[in-house]
Amino acid sequence: MSANSPFKRGIVRELRAEKAQARVEIEDEDGVSSFWLSVNSALASGNGSRVYAMPELGSQVHCLVDWRGEDGCILGASYSDKDPPPATDANHIAMKLGGGLELAYDKAAGTLDLATTAPLTIRCNGTSIRLDGDGATVVGGKIVLDGPVEMPKGFTAGTGAAGSQPATIRGKLHAEQDITSATRIAAPVVDEGGA
């Protein structure tokens, strides 16, 4: 790479996260670091659309820098033997982040896979879905399951927010085994012999 070229390669040495800037130790310049360089973003518009992702300390980046290293920008990070790409198929869009989150989209198959070792929460206007090691929790003013529901390991129903609301089934209830109660079973008609 020509010493006179504005295109530089280097290692991130310092971060100024609140301004989306970093200082880079420029390759082949005797350990000299640049001034603060802006980190390029996919979106940074005035209407509120923004993407924020800072390069990590020690990562290799490509830059455009003036000959004094005082002005320029970081174009993006580059893969290396130490930091290989998270996918090797051109049909894949992949993201692997520190903390255990991995996202993989297969353009050919149209499949999206999201994996994480930490709890995952999706929120929308007071409704939320939380996935963690204990299971899934759905919270909302109303939850609609529009389709057949299978619960092969059973289920537990509460008594409602007021503590006294019964579970209501609109339609027939078919049980292939006994129905039992800790207190009593009440109905207008009970056919103990079965139908």
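The values are calculated or read from the model by the stated rules, or taken from the named source; none is laboratory data. Bear in mind the structure is a predicted one, so any value in this text is a computation, not a measurement. Counting neighbours? That spans all protein chains shown, and the Cβs are built from the backbone with ideal geometry, glycine included.
Looking at ILE179, ILE143, ILE185 in this structure, which one is in contact with a Leu (Cβ under 9 Å, 6 or more places away or on another chain) and part of a loop (DSSP other than H, G, I, E, B)?
Sole residue among the options that is in contact with a Leu (Cβ under 9 Å, 6 or more places away or on another chain) and part of a loop (DSSP other than H, G, I, E, B): ILE179.
Pick from GLY58, GLY69, GLY48, GLY31: which is of a type outside the set (A, V, I, L, M) and either under 25 Å from LYS96 (Cβ atoms) or touching a Cys at 6+ places or on another chain (Cβ under 6 Å) (or both)?
Of the residues listed, the single one that is of a type outside the set (A, V, I, L, M) and either under 25 Å from LYS96 (Cβ atoms) or touching a Cys at 6+ places or on another chain (Cβ under 6 Å) (or both) is GLY58.
Is one or more of the residues making up region 135-156 free of Cβ contacts under 8 Å to residues at least 40 places away in the same chain, among the hydrophobic types (A, V, I, L, M, F, W, C) and under 30 Å from ALA94 (Cβ atoms)?
Taking every residue of region 135-156 in turn, at least one turns out to be free of Cβ contacts under 8 Å to residues at least 40 places away in the same chain, among the hydrophobic types (A, V, I, L, M, F, W, C) and under 30 Å from ALA94 (Cβ atoms).
Out of (1) touching a Gly at 6+ places or on another chain (Cβ under 9 Å); (2) closer than 30 Å to PHE155 by Cα; (3) modelled with pLDDT of 95 or more, the odd one out for ARG123 is which?
If we test ARG123 against (1) touching a Gly at 6+ places or on another chain (Cβ under 9 Å); (2) closer than 30 Å to PHE155 by Cα; (3) modelled with pLDDT of 95 or more, just (1) comes out false.
Hey, does region 12-31 have a residue that's closer than 22 Å to ASP83 by Cα, outside any loop (DSSP other than H, G, I, E, B) and touching an Asp or Glu at 6+ places or on another chain (Cβ under 6 Å)?
Scanning region 12-31, I find at least one residue that is closer than 22 Å to ASP83 by Cα, outside any loop (DSSP other than H, G, I, E, B) and touching an Asp or Glu at 6+ places or on another chain (Cβ under 6 Å), so the answer is yes.
List, please: which pairs have Cβ atoms under 7 Å, are six or more places apart or on different chains, and start with a residue in region 48-72 that is more than 16 Å from LYS19 (Cβ to Cβ) and at pLDDT below 90 and end with one that is crowded, with 16+ Cβ neighbours inside 10 Å and among the polar types (S, T, N, Q)?
GLY69/SER34
What single numbered condition from (1) assigned by TED's automatic domain parsing to the domain that holds ALA115; (2) loosely packed, with under 12 Cβ neighbours inside 10 Å; (3) under 25 Å from ALA118 (Cβ atoms); (4) free of Cβ contacts under 8 Å to residues at least 40 places away in the same chain fails to hold for ALA94?
(2)
Do we have any residue at all in region 121-144 that's small (Gly, Ala, Ser) and under 25 Å from ALA17 (Cβ atoms)?
no
Can you name the residue in region 97-129 that is surrounded by 12 or more Cβ atoms within 10 Å (Cβ to Cβ) and over 12 Å from the mean Cα position of the chain (by Cα) and, of all such residues, is nearest to VAL61 (Cα to Cα)?
TYR105
Restricting attention to region 136-195, and to residues there that are farther than 30 Å from THR116 by Cβ and surrounded by 10 or more Cβ atoms within 10 Å (Cβ to Cβ), which single residue is modelled with the lowest pLDDT?
GLY160
Each row is one residue, and each column tells you yes or no for (1) in contact with a helix residue (DSSP H, G or I) (Cβ under 7 Å, 6 or more places away or on another chain); (2) among the charged types (D, E, K, R); (3) surrounded by 12 or more Cβ atoms within 10 Å (Cβ to Cβ); (4) farther than 17 Å from VAL65 by Cβ.
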| site | (1), (2), (3), (4) |
| --- | --- |
| ILE11 | no, no, yes, no |
| GLU14 | no, yes, yes, no |
| GLU18 | no, yes, no, yes |
| SER34 | no, no, yes, no |
| ASN47 | no, no, no, yes |
